[in-house]
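To keep things clear, I will list the structure first and then write my remarks on it.
The values are calculated or read from the model by the stated rules, or taken from the named source; none is laboratory data. Values in this document were obtained by computation on a predicted structure and should not be read as measured data. Cβ placement follows ideal geometry from the backbone for every residue including glycine, while neighbour counts extend to all protein chains displayed. Calculation scope for accessible area: heavy atoms of the full protein, side chains included, ligands and nucleic acids excluded. Shrake-Rupley method; radii C 1.70, N 1.55, O 1.52, S 1.80 Å.
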Amino acid sequence: MRRLPMTASFSFALLLTTTFWTLSYGFVRPPTLLQLQSLSGSGNYLTREELWFDQTIDHFSPYDHRRFPQRYYEFLDYFRPSDGPIFLKICGESACPGIVNDYLSVLAKKFGAALVSPEHRYYGKSSPFKSHTTENLKYLSSKQALFDLAVFRQFYQESLNVKLNKTKENPWFIFGTSYAGAMSAWFRLKFPHLTCGSLASSAVVQAVYNFPEFDQQIGESAGPECKAALQETTRLVEGRLATNGKAVKALFGATQLDIEGDFLYFLADAAVVAFQYGNPDKLCFPLVQAKNNGEDLVDAYAKYVKEYYLGSFGADVETYNQERLKNTSVSEGSSDRLWWFQVCTEVAYFQVAPANDSIRSSKVNTRYHLDLCKNVFGEDVYPDVAATNIYYGGKKIAGSKIVFTNGSQDPWRHASKQTSSPDNLIFVPPNFVWMVFICSSFKLVF
């Protein structure tokens, strides 16, 4: 890396190149970081040493001064303290057990960067309360979480300056994927003075009430043969549910899902992950083969679900059980209730069946989602997506120096920004992502 003199009075270009998945992190029921590492072949952490910061519970009240301990991590092995950048990796809607040894470690080593990663409020060990009742969840929102990041950023920079006896700030760059990708874009939008840029991968910046495009993208990605096999499988399952629901649920190892919609949602998600994580052949090959050979499609799909979705992918049937979602106890594994609260109050993303040519069951509709919100959280809980989009701008987000990357087969790209503007860049990468920005104090070039 070539650095210009620190006395220079002009801006520098930030140019990053990094390998990135073309299919991005899931959203409705996010897999854990451990699941993602298993899928990507990476099981190593740069650090799992827990650090703690006293965070404010309610940033928007001038009278409430309560605080809670927020967990975070730092990795400084490659850090050049005098002028090295600080990469903040946003932990999203699950517990954050450490900083994973992934592509960011390559960037940190290349550019002398520090890596820091704060855990999202309420998730993992960063809960303000000992119980996740609906009343206690009222401070769980993207707005509060963004303020958490801003306060943490200031705390960390000031602590670093005191420690190193310096006054100049390091440049900060924000990384995030999926919901955390939206957070990355929103952080740059709301706090542009605290970061020189953001990478927003599969960033679902547009809150959507009904989201049939999700299922439509799965059909497009599957191709005609696999799509037809999936649609026939759905019809067969619906027929067997009407005559012997207990038996068909047992076939998929999901007898605990008493609500029919929960079971059908579980089956729909099982198909989604094959495309979202780049493994369509694991689903389509055996299903199309069974259809062509006149074999039982439901049996073939059940085999895929048990061996891949519940097996190597590591999904848990219980995460689809509304009775479990009612559980208010606090644990590192309680992220499902927390995420559904954000879905049911802020962003929705109701993955409803399209009116025509749907893969998922038509019973996975708006009514199912609204009933879930009411059943799990109470009468008055529903998503105000209009307010969310007014606050952030949706796909018309006005922030600058944000790189949006979306996998071409990722169904979540339909809730992301996909058209370039003078201030932002859009990429749908086959293998590589190029990020070009103007930052004030450093130049990154591969």
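The table below gives the values:
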item	result
Proximal lysines relative to Lys249, as straight alpha-carbon distance under 23 Å, when same-chain residues fewer than 8 apart are discounted	Lys227, Lys282, Lys291, Lys303, Lys306, Lys326, Lys363
Degrees separating the helix 179-190 axis from the principal Cα axis of the chain, which is the longest one	40 degrees
FRET efficiency, 1/(1 + (r/R0)^6) with R0 51 Å, evaluated for Lys130 and Ala355 via beta carbons	0.70
For region 71-83, Karplus couplings with θ = phi - 60° (6.51, -1.76, 1.60), whole Hz, Gly/Pro x	7, 8, 9, 9, 9, 10, 4, 9, 6, 9, x, 5, 8
Length-normalised contact order for region 159-223 - Cα pairs under 8 Å, 6+ apart - percent	29 percent
Radius of gyration and Dmax over the Cα atoms of region 70-178, both given in Å	15.0, 46
Exposure ranking of Glu260, Glu169 by accessible area [1.4 Å probe, largest first]	Glu169, Glu260
Estimated FRET transfer efficiency when R0 is 25 angstrom, pair Phe155-Glu332 (beta carbons, to 0.05)	0.60
Alpha carbon convex hull of the chain, projected area averaged over orientations, nm²	21.5 nm²
Where labels lie 7 Å past Cα in the beta-carbon direction, separation of Glu49 and Tyr391 in nm	3.6 nm
With DNA, RNA and ligands ignored, accessible area of Ser361 (1.4 Å probe; Å², nearest 10)	0 Å²
Accessible area, probe 1.4 Å, largest first, for residues Asp296, Asp410, Asp258, Asp423	Asp258, Asp423, Asp296, Asp410
Helix-derived mean residue ellipticity, 222 nm - over the chain, DSSP H n ≥ 4, -39500 (n - 2.57), to 500	-11500 deg cm²/dmol
Over the chain, relative contact order from alpha-carbon pairs under 8 Å, at least 6 apart, %	26 percent
Inter-centroid distance (Cα atoms) of region 373-410 relative to region 136-179, Å	21 Å
Probe 1.4 Å - accessible area at Lys125, Å² to nearest ten	90 Å²
³J(HN,Hα) computed for each position of region 194-208 - Karplus, 6.51 cos²θ - 1.76 cosθ + 1.60, integer Hz, glycine/proline x	9, 8, 8, x, 9, 9, 10, 8, 6, 7, 7, 7, 9, 5, 10
Under 5 Å, built H, 5+ apart or other chain: amide partners of Val100	Leu46
Carbon/sulfur fraction of accessible area - the chain, other protein chains in place, 1.4 Å, %	53 percent
Residue-normalised accessible area of the chain, given per residue in Å² at a 1.4 Å probe	41 Å²
Table column - 3J(HN,Hα) (Hz), region 163-168, Karplus curve with 6.51, -1.76, 1.60, x for Gly and Pro	4, 9, 6, 9, 10, 6
Reachable lysines, given that their alpha-carbon falls under 29 Å from the alpha-carbon of Lys168 and they are not under 8 places away in the same chain	Lys89, Lys109, Lys110, Lys143, Lys190, Lys401, Lys443
Interchain or long-range residues, amide H under 5 Å from Ser127's placed H	Tyr122
Exposure rank, largest accessible area first [Asp262, Asp371, Asp77; 1.4 Å]	Asp77, Asp371, Asp262
Neighbourhood net charge (15 Å Cβ-Cβ; Lys/Arg +1, Asp/Glu -1) for Arg367	0
